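Read the structure below first, then the notes.
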Amino acid sequence: MKRKLIAAIGIAGMMVSIAACGDDSGSGDSKGTDAKELTVWLTVDAQNNWPDLVKAADAAVQKAHPGVKINHEYYGWPDKNAKLDAVLATDKAPDVVEMGNTEMLGYMVKGAFAPLDTAKFDNSSAWLDGLKASVTYDGKTYGVPYYAGGRVGNWRKDVFAAAGVKTAPKTYAELTAALDKVQQKQGDKFSAWYQPTRDWYAAMSFVYDAGGSIAKEEGGQWKANLSSPESVKGLTEFKSVVDKYMHGDKTKDESDRYIVYGQGKSGMIFGAAWEGATSADPKNDKTGKLKDNLENFVMPGPSGKNLPVFLGGSDLAVPVKSHAQALAAEWINAFTGPAGQKGLMAKGNLPNNKTDLATLKNDPATAVPATAAESNWFVPMAPGWGQVEKAQVLQTMLQSIGTGKKTVEAAAKEADAAIDKVINNK
């Protein structure tokens, strides 16, 4: 998924229907490794940032299957799914397609992707939990995690130092104490922590930290869980953050957070790892002071553990209409296996598995995002989740809470009722 929108892209609109792909028996050339041609769709991230890794995967497959022709098509995130929807209605489907991990569910529900055997993919037993969840539906695996991106805290060292805080907080008590000092010193026109109210990725981190969840599956059915005592506890803490430290517009979402942060009226943010550096870019830094004063840190949670973070990223899937499914799986493994993960990490990405992630913790340059990503969560993999996102149920609930329009309990119950109406609908 595009790195700057890694956690923000929702489930794309689906085609009206996806026809069955004919013979799924695996017999003949169409499903076997003896296919003579392979078509791979990736986003421009691969084309622009790691073309060498694509070439290496091609070479590995062609070495095992001499004469195989591998075609590549590259798409931007905004137009990829419209093109995919159109082609999936024909018999010209690609054999491998890159998906944002939040885009996977809608396609899996509609039967667009072929099930995959995880035993055929290196590191599958160690895939990060949130990424594994994104490719799993109804007990089957329909994709392979490609790379990941998490969330971290980012603070202005100069602002906190002026309030007497010299080192990044390690515990939630240290964090709130530091924020209290900054807020007192800067006054109520300054946000010690700029935390957009509608940012449900951040709010749900507090919910999961408290032992709650968006929804739970019981007996094959999903039921909303935001009004449970644990979830309410997490939402109440999130409201406390917004009430105490967020003095901006409490009807905003996180889409322009890096721009607001660059305006110099806030002391810290909790967002995607790239946001701090982007705020410090000269075109966004209106203070002229951010470049040497911003630092990422692992967000501590009220539970005493690191705050669990939403994992964004990309997955690779094989359309059910592919005529070279086995060969496609081989290409995916060559691309996402040990050598590929090493290359992706060298380009600044988080790997798809816990084993490689642990190695990043030993490098000061990557220790913060790697440590933060160890504790992670993902959306409910329920058939109607796309409808929940489309209706912005969580954002509406959070705005009602943040603006004081409703109590936490009332807003959570209302959200649960809205979720229960659609979450089990295909």
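A few comments on the model shown:
- Scanning the range 46-73 for residues that are among the hydrophobic types (A, V, I, L, M, F, W, C) and more than 17 Å from L327 (Cβ to Cβ) yields a count of 3.
- Entirely in the range 182-275, the helices (runs of 4 or more DSSP H) that have 3 or more residues that are under 23 Å from K421 (Cβ atoms) and in contact (Cβ under 8 Å) with a residue 60 or more places away in the chain: 200-209, 229-245
- Condition check for K354: at pLDDT below 95, surrounded by fewer than 17 Cβ atoms within 10 Å (Cβ to Cβ) and closer than 26 Å to F121 by Cα: no
- The criterion of at least 2 residues that are at pLDDT below 95 and open to solvent by 40 Å² or more (accessible area, probe 1.4 Å) is met by the following helices (runs of 4 or more DSSP H) wholly inside the range 8-110: 77-88.
- Answer residue from the range 136-170, given it is without any contact (Cβ under 8 Å) to a residue 60 or more places away in the chain, of a type outside the set (K, R) and more than 30 Å from F190 (Cβ to Cβ) and is surrounded by the fewest Cβ atoms within 10 Å (Cβ to Cβ) among those: G139
- Checking L179 against (1) surrounded by fewer than 23 Cβ atoms within 10 Å (Cβ to Cβ); (2) touching a residue at least 40 places away in the same chain (Cβ under 8 Å); (3) over 19 Å from M397 (Cα atoms); (4) not small (G, A, S), the condition it does not meet: (1)
- Condition check for I401: among the β-branched types (V, I, T), farther than 27 Å from L88 by Cβ and buried (at least 24 other Cβ atoms within 10 Å of the Cβ): yes
- Hey, T197 buried (at least 22 other Cβ atoms within 10 Å of the Cβ), of a type in the set (S, T, N, Q) and at pLDDT 95 or above or not: yes
- Flag if G313 is touching a residue at least 60 places away in the same chain (Cβ under 8 Å) and either of a type outside the set (F, W, Y) or open to solvent by 30 Å² or more (accessible area, probe 1.4 Å) (or both): yes
The values are calculated or read from the model by the stated rules, or taken from the named source; none is laboratory data. Just so it is clear, the model here is predicted, and its values are computed rather than measured. As a convention, Cβ positions derive from the backbone with ideal geometry for all residues, glycine included, and neighbour counts pool all protein chains shown. Just so you know, the surface numbers come from the protein's heavy atoms only, side chains and all, with ligands and any DNA or RNA stripped out. Shrake-Rupley method; radii C 1.70, N 1.55, O 1.52, S 1.80 Å.
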